[in-house]
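I have placed the structure first, in the form of structure tokens, so that the comments after it can refer back to it.
The values are calculated or read from the model by the stated rules, or taken from the named source; none is laboratory data. Keep in mind it's a predicted model, so treat the numbers as computed, not measured. Methodologically, a virtual Cβ is constructed for each residue, glycine included, from the backbone with ideal geometry; neighbour enumeration extends over all protein chains shown.
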Amino acid sequence: MVAPTVTPTPTRAPQTVGLRIAIVATILLAFLITATTSRSGLWWRFSTFTYEVNLLAAAYFLWAVLRPEAARQLPGLRGAVVLYVVVAGVIWNVYLTEMSMGYSPQNILLHVVSPILVGLDWLLIGRSQERVTWWHPIVWLGYPLLYLIATLVYLNSERGRFLYYFLDVDQIGMAGVARNVLLLGIGFAALGYLVLGAGRLAVAARRTPA
């Protein structure tokens, strides 16, 4: 009688778990600092792109730690999280540092540390990046588009001011907003394909013998 073959359960490298726990801890620490030190509080900040996408990242990487096999089945979701967090960091560091308390501890965690850690996870961990296809970066534009619509239609009127000066119709006019929306769309798409390409190159490089 032939004994049944048992497929071993893949083990997770400690550095994988450690890096992903560090991402979650970084984001939650930033939220805690904001909640305990900001006079305007934490909750309204979840109307900003940075806080929304970092909340998404914390939820995703916690899920990836608890259910790694399930997370591996959705490489497109992982790529989207990477793209959104990196874009939030880039836009804030380039355009918004003077308008949101500068390099405060929570801003450093959310706009510098979090994007770096998420980017390292994408480049160094796993091989699901190879299953991200050409159409994923196009799909990834869906959430930013919905956020843009919500910002222009609801969030601005709800708070009585524009969250981002480059979307402020009163300040730069409709033509200026239209131009910035077009540039943001092109930038998101370009960075999406950069994320796709970097992930594939990183996996290939890790397979190449030293």
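At a glance:
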| read-out | value |
| --- | --- |
| Within region 101-129, tally of residues that are at negative phi, exposed (fewer than 15 other Cβ atoms within 10 Å of the Cβ) and not in a helix (DSSP H, G or I) | 1 |
| Criterion: crowded, with 18+ Cβ neighbours inside 10 Å and either touching a Leu at 6+ places or on another chain (Cβ under 7 Å) or over 15 Å from LEU191 (Cβ atoms) (or both) - qualifying residue of ALA70, ALA57, ALA88 | ALA57 |
| THR34 being touching a His at 6+ places or on another chain (Cβ under 9 Å) and among the hydroxyl-bearing types (Ser, Thr, Tyr) | no |
| Filter result (part of a helix (DSSP H, G or I) and of a type in the set (Ser, Thr, Tyr)) within region 24-82 | THR26, THR34, THR36, THR37, SER47, THR50, TYR51, TYR60 |
| Close pairs (9 angstrom Cβ cut-off, 6 or more residues apart or separate chains): touching a residue at least 24 places away in the same chain (Cβ under 8 Å) and farther than 11 Å from LEU163 by Cα in region 36-52, in a helix (DSSP H, G or I) and among the β-branched types (Val, Ile, Thr) anywhere | THR50/VAL85; THR50/ILE91; TYR51/THR34 |
| Cβ-Cβ under 9 Å pairs, at least 6 apart or on other chains, region 164-177 side on the phi < 0 side of the Ramachandran plot, far side assigned to a loop (DSSP other than H, G, I, E, B) and not β-branched (Val, Ile, Thr) | ASP168/ARG161; ASP168/PHE162; VAL169/PHE162; ASP170/PHE162; GLN171/PHE162; GLY176/ASP168; VAL177/ASP168 |
| So VAL132, is it aliphatic (A, V, I, L, M) and modelled with pLDDT of 95 or more | yes |
| Counted residues, region 146-172 - those being assigned to a helix (DSSP H, G or I) and modelled with pLDDT of 75 or more | 15 |
| Failed item in (1) more than 11 Å from the chain's Cα centre (by Cα); (2) free of Cβ contacts under 8 Å to residues at least 60 places away in the same chain, with TRP134 passing the rest | (2) |
| Enumeration of residues in region 16-57 that are closer than 19 Å to VAL87 by Cα, touching a Lys or Arg at 6+ places or on another chain (Cβ under 8 Å) and either at pLDDT below 95 or acidic (Asp, Glu) (or both) | SER47 |
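Yes or no, residue by residue, for (1) in contact with a Phe, Trp or Tyr (Cβ under 9 Å, 6 or more places away or on another chain); (2) not polar (S, T, N, Q):
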site: ASP168; (1), (2): yes, yes
site: GLY173; (1), (2): no, yes
site: ASN180; (1), (2): yes, no
site: ALA190; (1), (2): no, yes
site: TYR193; (1), (2): yes, yes
site: VAL203; (1), (2): no, yes
